[in-house]
Amino acid sequence: MRNSRLCPRAIGLAAGLILGATLLAHAQGPALDGKTAEQAYKNIKVLVGTPASQLNQAMHLIEGATGMDCTVCHVEGAFDKDDKPPKATARKMMQMVIDLNKNSFDGKQVVTCYTCHHGSPVPSNMPVVPVAKPVEELETKETFPSVDQILAKFVAALGGEQAVRKVTSRVITGTQFIPTGPGGGTPMAATIERDQKAPNLVVTTYHTPTYTIADGFDGSQAWAQDMRGRVTQPMAIDQGRAKRDADFYMPLDLKQTYTKMEVREVARVNGHDAYEVVATPQGDTEERLYFDVVTGLLIRKQTALPTQAGLSPFHVDYDDYRDTGSGVKFPYTITMSPANPRTVLNGTATIYVTKVEDNAPVDSSKFAKPESKAAAAR
């Protein structure tokens with residue numbers, strides 16, 4: 001369901017080879033910051049006033065919440081047209097959700113498409129019969145370690161603070177399918193190289209059979225360079241996340257990164273029990289960090305992008321931790337679901353690390369924002 005063009009044909013760039021794993025989807029770019037949907041797109045009738053930077057991901061979220069493809073409502077290549085009847089129905093449903101939140105929840109975003117649809121085109125109108133829990137399970141109260149204890153175990157599992165601080169640079173190489181095409185739904189094979197240097201310098205270069213793209217953080221701002229050489233800066237919310245994730249010593253700085261951290265529960269993550277730590281960054285939505293109960297290692301980070309249709313989820317799973325040769329462990333398999341925070345929800349992208357070089361010589365000039373080739377031939 002969309003009120004504008006769905007799934008722009010642009011490449012969503014993926015970074016994500018460190019614990020924060022921010023994936024910058026630069027295709028929309030900062031040009032949408034400050035604009036409303038009707039200023040950036042054609043034929044907006046319901047989502048008037050919605051930030052343009054949220055619109056496409058809101059549509060991806062609605063698609064995932066209802067289990068329907070964008071072409072159910074939209075004409076391929078002419079998303080502003082009203083030729084298909086389901087589009088009118090979608091508009092009515094979106095207005096219903098807006099009115100419910102406005103009139104019943106003081107404008108807070110409590111009801112979303114997922115509230116009723118749960119990933120199905122037809123909402124369920126019958127409750128699921130709950131499974132009764134054994135009495136002994138109901139009477140058992142779990143006790144959790146403190147946030148400080150969980151973070152200390154995490155640092156120790158990585159090799160200890162002393163070993164972590166001895167590493168001041170890192171070069172990572174690997175392979176990944178990066179999301180391309182409409183909504184990022186088409187995977188493109190790429191080799192990647194990620195260079196990092198303390199305290200917060202990062203650059204990642206992606207080589208595909210037909211083009212090269214890159215993104216990075218130069219110590220003060222994030223940037224991305226597309227296949228034509230044009231350089232852009234991400235939107236404000238992505239800038240803040242990139243800054244946090246560029247911290248070379250993120251595992252040691254988590255308490256300083258977040259204004260609040262709270263142990264919520266034990267969750268099941270990819271077959272492992274994990275402590276769920278809810279972490280609140282300044283001026284952004286809550287994030288959830290999952291630390292393996294046994295090993296202490298971080299095995300998932302979950303974030304969400306705010307949109308008019310609700311919070312669009314994104315998580316990164318970390319697996320196959322190995323000693324890099326410096327006494328510090330690093331995850332050699334990193335899986336992102338969806339492929340990046342601004343793509344359709346039904347895709348994934350996995351980074352397979354082939355080599356990690358700690359304390360490799362890296363010139364600081366490599367991280368500088370490159371000059372844009374705006375005049376490159378289209």
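The values are calculated or read from the model by the stated rules, or taken from the named source; none is laboratory data. Quantities reported herein were computed from a predicted structural model and do not represent experimental measurements. Using ideal geometry, Cβ is built from the backbone for each residue, glycine included, and neighbour counts are taken over all protein chains shown.
When the residues of region 220-240 are filtered to those that are part of a loop (DSSP other than H, G, I, E, B) and in contact with a helix residue (DSSP H, G or I) (Cβ under 7 Å, 6 or more places away or on another chain), which remaining residue is farthest from ARG342 (Cα to Cα)? Reasoning before the result, please.
Taking region 220-240 and keeping what is part of a loop (DSSP other than H, G, I, E, B), we get 220-221, 226-230, 233-235.
Next cut, in contact with a helix residue (DSSP H, G or I) (Cβ under 7 Å, 6 or more places away or on another chain) only: 221, 233-235.
Details: GLN221: 20, GLN233: 15, PRO234: 12, MET235: 12 Å.
Checked region 220-240; the qualifying residue farthest from ARG342 (Cα to Cα) is GLN221.
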Of the criteria (1) within 20 Å of ARG170 (Cα to Cα); (2) in contact with a strand residue (DSSP E or B) (Cβ under 6 Å, 6 or more places away or on another chain), which one GLU276 fails: (1)
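Among strands (runs of 3 or more DSSP E) lying entirely in region 266-378, which contain 1 or more residues that are modelled with pLDDT under 95?
Values: elements: 272-281, 287-292, 298-307, 310-323, 329-337, 349-358.
The strands (runs of 3 or more DSSP E) meeting that bar are 272-281, 298-307, 310-323, 329-337, 349-358.
Kindly indicate which of VAL75, VAL48 is surrounded by fewer than 18 Cβ atoms within 10 Å (Cβ to Cβ) and closer than 23 Å to LYS35 by Cα.
Values: VAL75 fails: closer than 23 Å to LYS35 by Cα.
Checking each option against the conditions leaves just VAL48.
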Going through (1) closer than 17 Å to PHE217 by Cβ; (2) over 17 Å from the mean Cα position of the chain (by Cα); (3) of a type outside the set (Gly, Ala, Ser) one by one, ASP358 fails only at (1)
Residue pairs, Cβ under 9 Å, 6 or more apart or interchain, first in region 87-102 and small (Gly, Ala, Ser), second crowded, with 19+ Cβ neighbours inside 10 Å and assigned to a helix (DSSP H, G or I). List them. ALA90/ILE62; ALA90/THR66
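How many residues are in a strand (DSSP E or B) and surrounded by fewer than 17 Cβ atoms within 10 Å (Cβ to Cβ) if we restrict to region 164-185? So that I can check it myself, show each step before the final result.
Start the filter on region 164-185 by keeping residues that are in a strand (DSSP E or B), which leaves 169-180, 182.
Add one more test, that the residue is surrounded by fewer than 17 Cβ atoms within 10 Å (Cβ to Cβ), and what stays is 173, 175.
Number satisfying all stated conditions: 2.
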By residue number, the members of region 186-207 that are among the polar types (S, T, N, Q), part of a strand (DSSP E or B) and farther than 14 Å from ASN359 by Cβ are THR186, THR191, THR204, THR205
For residues that are modelled with pLDDT under 95 and of a type in the set (D, E, K, R), scanning just region 216-254, find the one that is nearest to VAL164 (Cα to Cα). ASP245
If we keep only residues of region 87-99 that are of a type outside the set (A, V, I, L, M, F, W, C) and exposed (fewer than 15 other Cβ atoms within 10 Å of the Cβ), then the residue nearest to ALA58 (Cα to Cα) is GLN95
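Listed residues LEU345, LEU298, LEU305; which is touching a Gly at 6+ places or on another chain (Cβ under 9 Å) and within 25 Å of GLU276 (Cα to Cα)? Show your work before the answer.
On the way: LEU298 fails: touching a Gly at 6+ places or on another chain (Cβ under 9 Å); LEU305 fails: touching a Gly at 6+ places or on another chain (Cβ under 9 Å).
Among LEU345, LEU298, LEU305, only LEU345 is touching a Gly at 6+ places or on another chain (Cβ under 9 Å) and within 25 Å of GLU276 (Cα to Cα).
So for region 73-95 (the condition being in contact with a Pro (Cβ under 6 Å, 6 or more places away or on another chain) and not in a helix (DSSP H, G or I)), does at least one residue qualify? First the steps, then the outcome.
Just the residues of region 73-95 that are in contact with a Pro (Cβ under 6 Å, 6 or more places away or on another chain), to begin with: 73.
Filter once more, keeping what is not in a helix (DSSP H, G or I): 73.
Yes: region 73-95 contains one or more residues that are in contact with a Pro (Cβ under 6 Å, 6 or more places away or on another chain) and not in a helix (DSSP H, G or I).
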Being outside any loop (DSSP other than H, G, I, E, B) and within 20 Å of ILE237 (Cα to Cα) is the filter here, so list the residues in region 40-67 that pass it. ALA40, PRO51, ALA52, SER53, GLN54, LEU55, ASN56, GLN57, ALA58, MET59, HIS60, LEU61
Return the total of residues in region 224-274 being closer than 22 Å to PRO179 by Cβ and either buried (at least 21 other Cβ atoms within 10 Å of the Cβ) or touching a Cys at 6+ places or on another chain (Cβ under 6 Å) (or both). 10
Residue check, ASP83 closer than 17 Å to CYS116 by Cβ and either loosely packed, with under 14 Cβ neighbours inside 10 Å or not aliphatic (A, V, I, L, M) (or both): no
